[in-house]
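Written below as structure tokens is the structure these notes are about.
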Amino acid sequence: MKVVILAGGFGTRLSEFTDVIPKPMAKVGDKPIIWHVMNIFAKYGHNDFYIACGYKSEVIKDYFLNYRSLNSDFSIDLSNGQIKIHNNETEDWKITLVDTGRDTMTGGRVKRLQRYVDNDKFFLTYGDGLADIDINSLLDFHVNHKKLATVTAVRPAARFGELNIKDNVVKTFQEKPQITQGWINGGFFVLESEFLDFIKGDATVLEKEPLEKVTSMGELMAYTHEGFWQCMDTKRDLDLLNEMWSSKTNPW
């Protein structure tokens with residue numbers, strides 16, 4: 001099934017990097033985070049990707065255009081330009097990169113990909129969030145409830161330690177536990193193509209009018225994911241993901 005990835009935002013809270021590169025190109029290990037997002041889907045057999053580019057789209061396009069040479073040893077004959085790849089161990093992915101406009105909002109970016117998703121359901125996620133989610137279980141959940149849209153609901157880790165206090169006595173102390181109450185939008189949507197009818201144009205924010213409308217209609221279902229989920233909004237988040245990757249404790 002087709003996978004749409006939003007990768008066009010400015011990433012202002014990660015300005016240490018996004019002055020030079022778009023946010024999805026910030027590296028976790030030796031690969032940009034968008035590669036890790038794509039690999040989550042590919043592990044479950046979904047490798048037809050549609051990337052909605054915007055801010056600094058040329059960086060993402062250059063990366064995938066030159067992906068084989070960047071990730072392989074090769075020889076080049078400068079006299080005629082012939083290139084020989086020595087280790088052709090690249091991913092079996094089909095990638096379509098679409099420039100959806102520098103200032104287009106999230107909903108507008110999805111709408112601009114309408115001609116690529118045809119008249120079928122599709123996955124949609126952000127280019128900066130990782131999880132150990134079972135993609136096919138998510139899809140089965142969506143197919144079974146027969147509604148227009150599914151969003152993955154997650155409980156993120158708290159930024160600070162959590163104290164359980166009674167009569168000024170600390171009963172429990174947990175360093176940055178997972179939040180036990182309240183769910184948030186974790187991305188990893190499954191959407192029917194009819195959902196696109198609720199997006200008016202470039203100025204539409206996905207998380208406002210379209211999702212609010214289908215919610216009021218009873219057409220938005222939540223796939224609850226209790227496992228690992230981590231977005232990359234700040235340098236602290238990026239450092240955490242890199243620490244997990246380098247120590248080989250990454251759950252995704």
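The values are calculated or read from the model by the stated rules, or taken from the named source; none is laboratory data. Quantities reported herein were computed from a predicted structural model and do not represent experimental measurements. We place every Cβ from the backbone using ideal geometry, glycine too, and count neighbours over all the protein chains shown.
Output the residue which, of all residues in region 1-25 that are in contact with a helix residue (DSSP H, G or I) (Cβ under 6 Å, 6 or more places away or on another chain) and more than 22 Å from residue 110 (Cα to Cα), is modelled with the lowest pLDDT.
If we take residues in region 1-25 being in contact with a helix residue (DSSP H, G or I) (Cβ under 6 Å, 6 or more places away or on another chain) and more than 22 Å from residue 110 (Cα to Cα), then 16 is modelled with the lowest pLDDT.
Condition first: in contact with a strand residue (DSSP E or B) (Cβ under 7 Å, 6 or more places away or on another chain), of a type outside the set (D, E, K, R) and either at pLDDT below 95 or within 14 Å of residue 52 (Cα to Cα) (or both). Now tell me which residues in region 88-104 satisfy that.
Answer for region 88-104, where residues must be in contact with a strand residue (DSSP E or B) (Cβ under 7 Å, 6 or more places away or on another chain), of a type outside the set (D, E, K, R) and either at pLDDT below 95 or within 14 Å of residue 52 (Cα to Cα) (or both): 95, 96, 97, 98, 100.
Only one of (1) surrounded by 14 or more Cβ atoms within 10 Å (Cβ to Cβ); (2) farther than 23 Å from residue 2 by Cβ fails for residue 83. Which number is that?
In the conditions (1) surrounded by 14 or more Cβ atoms within 10 Å (Cβ to Cβ); (2) farther than 23 Å from residue 2 by Cβ, residue 83 misses (1) alone.
Do the conditions hold for residue 133, that is, is it surrounded by 22 or more Cβ atoms within 10 Å (Cβ to Cβ), modelled with pLDDT of 95 or more and in a loop (DSSP other than H, G, I, E, B)?
yes
Hey, among the residues in region 209-252 that are polar (S, T, N, Q) and under 24 Å from residue 39 (Cβ atoms), which one's surrounded by the most Cβ atoms within 10 Å (Cβ to Cβ)?
The selected residue is 230.
Does region 139-155 include one or more residues that are at pLDDT below 95, under 20 Å from the mean Cα position of the chain (by Cα), farther than 27 Å from residue 55 by Cα and part of a loop (DSSP other than H, G, I, E, B)?
Yes, because at least one residue in region 139-155 is at pLDDT below 95, under 20 Å from the mean Cα position of the chain (by Cα), farther than 27 Å from residue 55 by Cα and part of a loop (DSSP other than H, G, I, E, B).
Restricting region 3-60 to residues that are out of contact with any Asp or Glu (no Cβ under 6 Å at 6 or more places or on another chain) and of a type in the set (Lys, Arg), which is surrounded by the fewest Cβ atoms within 10 Å (Cβ to Cβ)?
Looking at the filtered set, the residue picked out is 43.
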